[in-house]
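Colleague: This is the structure, below, for whatever I ask next.
The values are calculated or read from the model by the stated rules, or taken from the named source; none is laboratory data. Since this is a predicted model, take the numbers as computed values, not measurements. With ideal geometry, Cβ positions are generated from the backbone for all residues, glycine too; neighbour counts draw on all protein chains shown. Ligands, DNA and RNA are excluded from the accessible area calculation, which covers all protein heavy atoms including side chains. Shrake-Rupley method; radii C 1.70, N 1.55, O 1.52, S 1.80 Å.
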Amino acid sequence: FESRDPAKAGQAMLYYHPEGPLGDVMAMMSDRLNQRVGVIGLGSGSIAAYAGPNRHVTFFEIDPDVEAIAARYFTLLARCGNHCDVVSGDGRLAIASAPERAFDLIILDAFSSDAIPPHLLSREAIDLYISRLKPDGALLFHASNRYLKVKDLVAALVTAAELPALVRVDRGASATGKSHSTWVIAGTSKSALGSLQSLPTWKAVSAPPGLRAWTDDYSNIVTVLMNSAFF
């Protein structure tokens, strides 16, 4: 989604709104120098709205049609200029090809449909992402989903990896163009969570009872189905 109002064109909307969880994270990181953000999943390019002279955003997108749609029908990628770029290919493989300690933040934004790629949400994948973060870097998971308990799966994963983590379930639509969303952030240390720790909207993450963390050898979609998904 992008507003047709010229005054609002190029602004992050819906899940990505500045008054939502993603806006909190970007504000928390605003004083870091020479930031590099990796994003698995392009969509319309909404996260490009947060790119700038001190923050380079690299999108990893497996579907070339998605990049073509984002470039043709939306202005977000064009507006960020040389402060963002798109790498074609599988996100996990692309992250694996990046140097160690390359990113301040890795955002995983490929889980909002009715199917999720298990290889992006395994213990081995989490270990890989962590190895590509700078000291005090963080992983940010977009866990909004109508059918699957992505938040619970992410909670099981980050708990198994012994990472300090917070979640914000944003049910408010106080701002025009903002939608409900759920985001989980996990840091390499508590200090990586910065000012989010003092915000009442962000809560500590704990593993849901009985939910096993996925690995490259084990995933079970039935265990994360919403009850309503059966009907």
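Colleague: 222 nm [θ] for the chain, helices only, -39500 (n - 2.57) per DSSP H run of 4+, per residue, to 500?
Modeller: -6000 deg cm²/dmol
Colleague: Please list the equivalent ellipsoid semi-axes of the range 98-231, computed as the square roots of five times the alpha-carbon gyration tensor eigenvalues, in descending order and whole angstrom.
Modeller: 22, 20, 14
Colleague: Distance between the C-alpha centers of the range 12-53 and the range 182-213? Whole Å please.
Modeller: 18 Å
Colleague: I've got another one for you. Of the DSSP beta bridges with both residues in the range 1-102, give the percent that are antiparallel, rounding to the nearest 5.
Modeller: Given both bridge residues lie in the range 1-102, the antiparallel proportion sits at roughly 10 percent.
Colleague: Spelling out what I want: for every residue of the range 15-27, take phi, set θ = phi - 60°, compute 6.51 cos²θ - 1.76 cosθ + 1.60 (Karplus), and round to whole Hz; glycine and proline get x.
Modeller: Running phi through 6.51 cos²θ - 1.76 cosθ + 1.60 with θ = phi - 60° gives 4, 9, 4, x, 8, x, x, 5, x, 4, 5, 5, 5 Hz.
Colleague: Now, a different point. In the structure shown, do any of Lys178/Lys203; Lys8/Lys178; Lys149/Lys178; Lys8/Lys151 have a Cα-Cα gap over 19 Å, and if so which?
Modeller: Over 19 Å Cα-Cα: Lys178/Lys203; Lys149/Lys178; Lys8/Lys151.
Colleague: Same structure again: Name the longest site-free stretch of the chain, where the excluded sites are trypsin sites (Lys or Arg not before Pro) in a DSSP loop with no more than 16 other beta-carbon atoms within 10 Å.
Modeller: Answer from the scan: 33-100.
Colleague: If you don't mind, another one. Can you give me the long-range amide H partners of Val87? Hydrogens built in the peptide plane at 1.01 Å from N, cutoff under 5 Å, separation of 5 or more residues or another chain.
Modeller: Phe59, Phe60, Glu61
Colleague: Among Ser44, Ser112, Ser198, which one moves the most in a GNM of the chain with springs linking Cα atoms closer than 10 Å?
Modeller: Evaluated over the chain, the most mobile residue of the options is Ser198.
Colleague: In the chain, carbon and sulfur make up what percent of the accessible area (probe 1.4 Å)?
Modeller: The nonpolar share, carbon plus sulfur, comes to 53 percent.
Colleague: Rounded to whole Å and sorted largest first, list the principal axis extents of the Cα atoms in the range 94-147.
Modeller: 34, 18, 17
Colleague: On average, how much area does the Cα convex hull of the chain cover when viewed from any direction, in nm²?
Modeller: That works out to 12.6 nm², a quarter of the Cα hull's surface.
Colleague: Something else: Any chance you could get the radius of gyration and Dmax over the Cα atoms of the range 38-151, in Å?
Modeller: My reading of the Cα-based Rg and Dmax gives 13.7, 38 Å.
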